[in-house]
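Beneath this line is the structure, given in structure tokens, with notes to follow.
A short reminder: the numbers here are calculations on the coordinates, not readings from a lab. Please read all numbers here as calculations on a predicted model, not as lab measurements. Glycine also receives a Cβ, built like all others from the backbone with ideal geometry; neighbour counts cover every protein chain displayed.
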Amino acid sequence: MRRIIALLLLLAALAAPAAAAAQARSYSNERIDVEIDVRPDGVLGVAETYTYRFTGGPFRKALRGIAHDRLDRVTNISLSENGRPFRQSYAEDRGTFAVRESFDETLVTWFYEPTSDAARTFTLRYDVYGAVRADPEADEIWWVAVFPDRDAPVERASVTVRFPDGAALESTNVSLPAADGTLDVGPRTIALTRDTPLAPGQALELRADFDPDLIAAPAPAWQSAPAAPVYASEPERAEPGDPADGVMAVMMVLCVLFVIGNVAWRLANGEPVFEAHDDDSWSTSSSRRRSNWSSSRGSSSRSSFSSSRGSSSSSRGSSSRGGSGGGRGGAG
């Protein structure tokens, strides 16, 4: 017994330094710098530069999920570290990055040399189609430069939006829908800087409404997408030929067979087929059963149908306003 206790104490002593090191492992974003080139056709060329400061470690990978809200598609993705390009691959080797597409985001994951107690800087580049909201009075770029879905603070951040040569931004209206910062609007450039930390969950966004004649951006597909229809609160009914019809028919046959079998058993054993009940108690229990059946059957089907339809309509309708380029990111 003493040997077992000694062995357990030894294992605990060996595991303590590793647990302490794992607990001290953390990182922060020293900087996030975003540059957006607005091209004459409305395509945005985006470059995001991340400087991570690692404490403890090792850290081996990082990720950036680009949300598909209020944009049509993300293409031409590349990644580099201080000018050294990474190779696209799904092998998760050092010096590579992988791109995975889903309905709601484009996820970029990259892998690097194990790093502890040091800083590393990476640049992610991609093109965005359909991020310029078209309007007869003013086009709009609303970009979420620092996304709120992250687990580490951002010490400093900047956003630079460059319009094509010859563009004049005199009548451009620029606002900051989320965190504040310092704005500088030049002849064809908008610069936003933030020199104070952004906590996890805090976003940095830039919104610019400008003359629609500055660029020839077509209306994005998401802007003209029809809203989902809103249905009345009615229980779902099976269409003709629906498999539910066959299931209901089988259930009815089984119920009839059960009743026939029960009657036959009672007759064979000399028991009465129908038992006498007090009229008041029978009517009360019967009405109570009917009430329970109707409330559990009708109300549940109506509420689930209306809530699922309604939430779909609400999410689609709210997509007309808000920023593009949000999502998530981090290192590990």
Per 0.36 nm of contour for each residue apart, how much would the distance between residue 49 and residue 138 grow if the chain were fully extended, relative to their Cα-Cα spacing?
29.1 nm
Cut-off 14 Å between beta-carbons: net charge of the residues surrounding residue 179, Lys and Arg +1, Asp and Glu -1:
0
Additional length obtainable on full extension of the chain from residue 125 to residue 151, 0.36 nm per residue less Cα span:
7.1 nm
Karplus-derived 3J(HN,Hα), 6.51/-1.76/1.60, for each residue of the range 83-95, Hz, glycine and proline x:
x, 8, x, 8, 9, 6, 6, 9, 7, 6, 7, 5, x
Once residue 252 and residue 25 are pulled to full extension, the length gained, defined as 0.36 nm per residue separation minus their Cα-Cα distance, is 75.4 nm
Past the 22 angstrom mark, what percentage of all C-alpha to C-alpha distances in the range 65-161 do you count?
41
What's the ranking of 28-39, 179-190 by average number of surrounding C-beta atoms within 10 Å, highest first?
28-39, 179-190
Give me the distance in nm between label points sitting 7 Å out from Cα along the Cα-to-Cβ direction at residue 165 and residue 223, one decimal.
2.7
